[in-house]
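Asker: Quick one: this structure, given as structure tokens, is what I'll be asking you about.
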Amino acid sequence: MSSLYNTFMVVQPKLIIHGGAGSSLQGKGGLEAVRKSLYQVIDQVYALLLQGANAKEAVVRGCQLLENDPRFNAGTGSVLQSDGQIRMSASLMDGTLKRFSGVINVSRVKNPIDLAVFLQNASDHVLSDYGAAELARELQLPLYNPLTDQRLKEWLEDRKDNFQRSMANVISESAGTGTIGVVALDQNGQLAAGTSTGGKGFERIGRVSDSATPAGNYATDQAGVSCTGIGEDILDECLAAKIVTRVTDGQTLKAAFDKSFGEAQQRQRDFGAIGIDATGAITWGKTCDVILAAFHNGENKGDSLEATQGLSVFSC
């Protein structure tokens, strides 16, 4: 279905979200706890889409809700970097306008995605740490400490063991795999994607993740994709933009995921992604053991939490 055709009809909204990827659900509280968290977000955001919210509005709200949940590594609950500080990154892409915006390594804000929203209509679309901090002051966003007891305990335990992560892997997800993301298709057939992260955890100061780049978050009027997993692997594959480009070139979303994840598996990449195309097809894929994804296809909710380990691509 072309975007032109969509403008003459009401489209059934579609929604998919993720709360990261990794090797286990253990550190997130288990299967049912994660499912409950994800479905609460799905219920709230899908209701907005049914009420007429556009894709970008739905994506932003979904990202805010996921950033506010300390179960996930974004916003509240973000991991600490090597110096014990929290620096977060987020991006938003409006598929209709083909406009990308984001912030990199911002601190002391509750919802990094809010800064990306403002930058959608600014002359400068992506800001790094100092610029993002200045923007937060200009917007008079209240200072906020996203640190949780769990993340502090994780960092302190690793510090005792010279940052070998032996304890942290029990408490939380493996390094580099924590992200949240949302992709939505609205009633007008418009697509948007948003991604937010607390970072890799224990990384070198100044490290830039994929989440605030088109490699990790990309959308056009043909498809939208949000990624999660090892950021360096996602950057190496330019994963989100690659999948969307393949859809634009004529592949189905499922075929684009199959090809992209098949290539990634051969190169031993460790990541996952979610996506929706202009026809309303919903897809997720992974090379890692677990991707924490949930979706609403217009009739039912579903998720990826009990998928088999390793390479998998699902579409509906």
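The values are calculated or read from the model by the stated rules, or taken from the named source; none is laboratory data. Predicted, not measured: the structure shown is a model, and the values here were computed from it. Ideal geometry is used to build each Cβ from the backbone, glycine not excepted, and the neighbour counts take in all protein chains shown. Keep in mind that these areas ignore ligands, DNA and RNA; they rest on the heavy atoms of the full protein, side chains included. Shrake-Rupley method; radii C 1.70, N 1.55, O 1.52, S 1.80 Å.
Asker: Kindly flag which residue pairs out of Lys36/Lys110; Lys36/Lys98; Lys14/Lys200; Lys28/Lys286 have an alpha-carbon separation exceeding 28 Å in this structure.
Answerer: Lys36/Lys98; Lys14/Lys200
Asker: While we're on this one: If one takes the longest principal axis of the Cα atoms in the chain, at what angle in degrees, from 0 to 90 and to the nearest 10, does the Cα axis of helix 253-266 lie?
Answerer: Taking Cα atoms only, the helix is inclined about 40 degrees.
Asker: Next question. Restricting to the chain, compute how many DSSP beta bridges are antiparallel as a %, nearest 5.
Answerer: Roughly 95 percent of the DSSP beta bridges within the chain come out antiparallel.
Asker: For a bin width of 20 Å, list the pair-distance distribution of the chain built from all Cα-Cα distances, rounded to whole %.
Answerer: Percent of Cα pairs in each bin: 38, 57, 4, 0.
Asker: Separate question: How about segment 49-158: which trypsin sites (Lys or Arg not before Pro) there are in a DSSP loop, with at most 15 other Cβ atoms within 10 Å of their Cβ?
Answerer: Lys98
Asker: From Cα pairs below 8 angstrom and at least 6 apart in sequence, can you work out the relative contact order of the chain, rounded to a whole percent?
Answerer: This gives 25 percent for the chain.
Asker: Follow-up question, since we're still on this one. Report, to the nearest 10°, how far helix 129-138 tilts away from the longest principal axis of the Cα atoms in the chain, using its own Cα long axis and a range of 0 to 90°.
Answerer: Rounded to the nearest ten degrees, it is 70.
Asker: Running a GNM on the chain with Cα contacts under 10 Å, which residue among Ala256, Ala193, Ala47 ends up with the highest mean-square fluctuation?
Answerer: Ala47
Asker: How much accessible area per residue does the chain have, counting only protein heavy atoms and a probe of 1.4 Å, in square angstrom?
Answerer: For the chain, the per-residue accessible area is 40 Å².
Asker: I would also like to ask the following. Could you tell me which of Ile230, Ala47, Leu127 has its Cα farthest along the dipole of the chain towards the positive end, charges placed at Cβ (Lys, Arg +1; Asp, Glu -1), taken about the Cα centre?
Answerer: Value: Ala47.
Asker: Express in whole angstrom the spacing between the alpha-carbon centres of segment 22-66 and segment 96-134.
Answerer: Spelled out, the Cα-based centre of one part sits 21 Å from the other.
Asker: Please arrange Glu203, Glu232 by accessible surface area, largest first, computed with a 1.4 Å probe and ligands excluded.
Answerer: Glu232, Glu203
Asker: Ok, one more. On the protein heavy atoms, probe 1.4 angstrom, tell me the percent of accessible surface of the chain carried by carbon and sulfur.
Answerer: Of the solvent-accessible surface of the chain, carbon and sulfur hold 49 percent.
Asker: In debye, nearest 20: dipole of the chain around its Cα centre with unit charges on the Cβ of K, R (+) and D, E (-)?
Answerer: The calculated dipole for the chain is roughly 140 debye.
Asker: Taking every DSSP beta bridge with both residues inside segment 1-147, roughly what % is antiparallel (nearest 5)?
Answerer: Details: 6 of 8 bridges.
Looking only at bridges with both residues in segment 1-147, the antiparallel portion is about 75 percent.
Asker: With bins 5 Å wide starting at 0, give me the P(r) of segment 31-138 over every alpha carbon pair, in whole percents.
Answerer: It works out to 2, 12, 21, 20, 19, 14, 8, 3, 0, in whole percents.
Asker: Hey, another quick one. Per DSSP H run of at least 4 residues, take -39500 (n - 2.57); add these up for the chain, divide by its residues and hand me the 222 nm value, nearest 500 deg cm²/dmol.
Answerer: Per the formula, -9500 deg cm²/dmol.
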